[in-house]
Amino acid sequence: MNQNTPSGEGKHDDDSALSDFLASLMDYTPTIPDQLVEHYVAKSGFQCPDVRLIRLVAVATQKFISEVATDALQQCKARQASAVKDKRDKQQKDKRLILTMEDLSKALSEYGVNVKHQEYFADSPSTGMDAASREE
Amino acid sequence: MAMSRNDEGETRPPSLFRKAISKIAVAQICQSVGFTGSQQSAHEALSDIATRYMEALAKSASSNANSCGRTECNIFDVIHAIEDMSSVQGFRGASDINKSLLDSDIIKDLISFVRWVDEIPFAKPIPCSNAGKRSRISRCLSEPRESCDQNKEFSHISPWLPAFPDPSTYKNGVVEARREEGSSGNEEEHDRDINRIVDVQECGCENRNNSEEEKRVLPIKRPKVRFKLELGFELGVEVGLRRGIFRGGK
C-alpha cells in the first residue's frame, strides 16, 4: 500500500503508525454503516476494492459530523445559559439539550456551510413558542 | 413531500431508505455527543450534510486518482481529499508543502478520534434486501474482472470497461436458430388465430390491419387453392381476396 511513498528517512514511524491505524479499521465499526458509505461513494465515482478506505471515509465523515454536533451543543448550552439569566422559572424546561436549527446553522457557518431555513412553519402547533421547546 | 416526489421520480423508495439510514446514523452521533433530542428539520439538514460530505470527499478523491491516471483510489487520494475538505477550517501543518501526506495531522486527528471516541455500531443490522443492492453497486468493480477471467480472449480489454454482452446477442447463427425454434412450435396456434381473425372479418369487423400483420408471419406454406370465377362475381371475389378469405386452407 505504501510502496510509492515520497518518503524520507524519518517517515517509517509514520508509515507504520498509519498502516497500524488502517489495520485497526478492519476491526472498528463506524457509526455510519459500510453499505451507506459504499453507496454514496460509488455514486461519486470512487472506486476502491479496499474496505479500509471505505471505513476511513466513514470515520472522517463521523468525525466531521460529531465536530459539528459538538459545536452545536456548545451553542445550545451557551444560549441556554444566557436565557436562564433572564427567566429563571423556565430553567427546568430548558435544560433539555435539543439540536435546533439555530444552533446548527451557527455551528455549520464555521465549517463553511451556509444553512438557510424557514423562519417558521405555520402548520406546527408549537409555532411561535421558544426555539428550545419546539421539539418534534 | 409532493415536491420531493416530483424531484426524485422513480428512485424514491431507495432514496428514502438510504435517507432513513443516514438519519439514524446521524442521530446516534448526536446522541453520543450529548444531545437528548432534535428538531426534525435540523436532524434532516445534518444528515443531508453528512451524505454530501461523503459525496464531496469521494468526488475529490476520485478526481485526484483520475488526474494521476488511475481509476482506483488509494490512500493518498483519500488523505488528500480529507485535507481538502478540512481546508475550510484549516489544520495544523497545512502550510508545510513538503510534508508527506502520510504524515498529515489530519490523519493523526483521525487516529486519536478513533482511539478516544467510543465505538458505536449502527443501531440495527441493515436488512438482507439491501444485499442485492450492495452487490449491484459494487458490480462495477468486480464484474469486468470476472468476465475477463471467464473468456481469456478478451483479456486485452481494460478491466474498467464494461463486460461484453452475452455471445448470443451478436452471433447470427444462434439468434436465427432461436427464432426458428420459437416459431415452429406454435404452428397450430397461429393457424387457429388466423382462422379466427378471418372469421371475425367475415362478420364485418374492422381488424384488417391486425389480420394482415398476422398473415405475414404464416408459419408454413399452405396448399394452393384454385377457384373458377364467373364474370359476375369478380368484384366480390377481389374484395374477398384482399381480406384474406380465400387465402390459405379455407
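The values are calculated or read from the model by the stated rules, or taken from the named source; none is laboratory data. Everything numeric in this text was worked out from a predicted model, so none of it was measured. Each accessible area value is taken on the protein alone, full model and side chains, heavy atoms only, with ligands, DNA and RNA left out. Shrake-Rupley method; radii C 1.70, N 1.55, O 1.52, S 1.80 Å.
Residues whose amide H falls under 5 Å from that of B:SER38, counting only those 5 or more places apart or on a different chain, are A:LEU99, A:GLU136, with hydrogens built in the peptide plane. Among the listed pairs B:LYS59/B:LYS99; A:LYS77/B:LYS23; B:LYS171/B:LYS224; A:LYS95/B:LYS19; A:LYS77/B:LYS59; B:LYS19/B:LYS108, those with a Cα-Cα distance over 26 Å are B:LYS171/B:LYS224; A:LYS95/B:LYS19; A:LYS77/B:LYS59; B:LYS19/B:LYS108. The A-B contact accounts for approximately 6300 Å² of buried accessible area, totalled over both chains at a 1.4 Å probe radius.
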